[in-house]
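Written out below as structure tokens is the structure these notes cover.
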Amino acid sequence: MAEEFGERTEAPTAKRKQKAIEQGDVLRSREFATALVVLAGACWTIFLGPSLMRACGGVMTASLQFGRDDIEDFDPWRPLLEAGGKLALPLGSLFLVAMIAAVLSQAGLGSLRFNGALLAPKASRINPASGLKRIFGPTGWVELGKSLLKVALLGAIGAYMLLKTSHATIGLTSTDVQGAVGELGGSFKGILIAMAGGLVAIAAIDLPIQIVRRLAKLRMTKQEIKDEHKETEGSPEAKAHIRSRQREMAKRSMRKAVAGAHVVLTNPTHFAVALRYNRASDQVPVVVAKGRGVTALAIRELAGENAVPVLEYPSLARAVYYTSREGQEVRDDLYVAIATILAFVFGLSPQGAPQPAITVPPTARFDENGVKQG
């Protein structure tokens, strides 16, 4: 019993996943987001880094120069504004690239959504016991392992790249400034790309771990599956109660009509039509009540209460149901079949005769969905 109802052995349902998303429990990977942002920054450095270097060079040049106007009209904010104007475009583009990368990192995991519920205060966020549990629990150990792996991997990559470029860097003292700056810039780009590659490798390890951990967190017990199914579909007891109420309402609305009927034709369970034929007032049989499902069951119950004969003629019951309305005379191509049944009900047939066989004309043959069978 504990295995059936206590252990979370079942995969989460679509409803459980949607509820988790609405509560802010979405797939997240800080390593994936960091790797994407750093990788985007490395690409920006390769393609747009020179523009930033030129802007910085222009700012330094302007800062070390002054003219007669600077002496006669001293304004310390003017060079700062000029420097800010030169640096605004490259720095703004770097900020924009980082923002786009951060957004794409969440969109790529399907986690890009605003959830106001996360802004609500929660006692667990300031509860010291909860904080200690997160630190020293399984999650804390996993995060510690990832941090150590990140430090070891990035440290090894950085050490290798620095060792690789150290010999070339020592010889820069004998070159011109322009060549030394270019060589250092190339080395910096290489180190940055290597670091970004290391972060991508860490993200490739972390992302599957986060997926598995989230699925394990969302797993459900068999009892939770059953409860959700009952909540979604309705329990059998509730369905039976609803059907009973519907049947009672149908019986109240057609009690008088069925009481005045002379015969009820059934399908035998899906359809029911009640027919009346008074020789004094009706020229042809009249449909006084009809229905399917719960309403058909109510008609049969009322017929039993009022001693109205109930006969099973599936094809004829469907024909009357789909060709006539309540209070309307039956269609003329059904006269012969219905007259044969009424003669049997009124006792005009030979005594002891079996229930008569009838033929429904091809023009009035329907299946249970109302499609003509021809």
Potential lengthening between M99 and I46 on full extension [0.36 nm per residue; Cα-Cα distance subtracted]: 17.3 nm
Order of 194-200, 205-211 by packing, highest average Cβ count within 10 Å first? 194-200, 205-211
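Relative contact order of region 238-364, please, whole-number percent, based on alpha carbon pairs below 8 angstrom and at least 6 residues apart.
Values: 206 pairs, mean separation 31.3, N = 127.
Relative CO of region 238-364 lands at 25 percent.
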Expressed in nm to one decimal, what extension gain is obtained for the pair L149 and L342 from 0.36 nm per residue of sequence separation less their Cα-Cα distance? 60.5 nm
Three-way shape call for region 272-374 based on the alpha-carbon gyration tensor, with the a/c threshold at 1.5: rounded
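No value in this document is a laboratory result; all are computed from the given coordinates. Since the model is a prediction, treat every value here as computed from it, not as a measurement. Counting neighbours? That spans all protein chains shown, and the Cβs are built from the backbone with ideal geometry, glycine included.
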